[in-house]
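Report on one structure; see the data block that follows.
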Amino acid sequence: ICVYNDLTDLKIYVEENKTFISENPYAIFTMNLDLQLTDVNPAFSKLSGYTTEELLRMKLTDFKVIRRDGPGVADAIKSGKIEGGKMIVHFPVGIRHVDYFYIPIKDQRGNVYKIIEIFLDQTSLVEQLDESNTLINESPAGIITTDLSGKILSSNKAFQDIVQLSESKLATMSLRDINVIARDGKTFNEIISTKKPGTGTITIDRLCLIIK
């Protein structure tokens, strides 16, 4: 007696998934439930600085994670759902700031049997933000950042010195709490509605400030 099982669909599925991983511009690797890496794409090798051969000898726990904000791989295995967060990892090429996603893959019975992990490299963005924050903090001009409602999110030392308020106090305030005596130029609401930069001069409690 010969029994034939048509594995064509399974073969196509496996080949499509290998293509998805290998040709994807994002850093992707797969691992089994022992967290042993079983497949990696060129984008992950480039991101990490490890060769494919080195990575396939590694486990997830071999990576030097400096900080993780979000669930771990065990959470994804337990929930059977996509989990993600942010991570700082020390790779051979240097420290990388990444957004990560664990994607559990299930068998026909609904049991998780492997995990796909995707890394989105945010290092350049983080470095740019750090550089911008440094410029803001060290600027001799008073600078604040707000949300769209006018709530003050941050302030630099120069602004704190101008208004004679602490950083913690300013963080509890909004622009509405600042007593504007006179104004020459666009208002905050006008800048929000036009989505264009605006400049002007305001006088606050006998203090004349140039705002941009």
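Classify segment 66-149 as rounded, prolate or oblate from the Cα gyration tensor: take a ≥ b ≥ c as the square roots of its eigenvalues, call it rounded if a/c is under 1.5, otherwise prolate when a/b beats b/c and oblate if not. Numbers along the way, then the final one.
Working: a/c = 4.30, a/b = 2.35, b/c = 1.83.
Cα axes put segment 66-149 in the prolate bin.
Between their Cα atoms, which of Lys81/Lys195; Lys46/Lys195; Lys86/Lys195; Lys59/Lys106 are more than 27 Å away from each other?
With Cα atoms farther than 27 Å apart: Lys81/Lys195; Lys46/Lys195; Lys86/Lys195.
Can you tell me what the convex hull of the Cα atoms of segment 76-212 projects to on average, as an area in nm²?
Directional mean of the projected Cα hull area for segment 76-212 stands at 12.9 nm².
For an R0 of 35 angstrom, estimate the FRET efficiency from the Cβ-Cβ distance between Val126 and Glu53 and round to the nearest 0.05.
0.75
Could you tell me the calculated FRET efficiency between Ala74 and Gln108, based on Cβ-Cβ distance and R0 = 22 angstrom, to the nearest 0.05?
On the way: r = 23 Å, r/R0 = 1.05.
So, using R0 = 22 Å, E works out to roughly 0.45.
If packing is taken as the average number of other Cβ atoms within 10 Å across a peptide's residues, how do 27-36, 61-70 rank, most packed first?
27-36, 61-70
Let me know the charge dipole size of segment 48-177 about its Cα centre in debye, to the nearest 20, where only the beta-carbon of Lys, Arg (+1) and Asp, Glu (-1) is charged.
600 debye
Taken together, the values in this text are just the output of simple stated rules run on the coordinates, not laboratory data. Everything numeric in this text was worked out from a predicted model, so none of it was measured. Cβ atoms come from the backbone with ideal geometry, glycine included; neighbour counts cover every protein chain shown.
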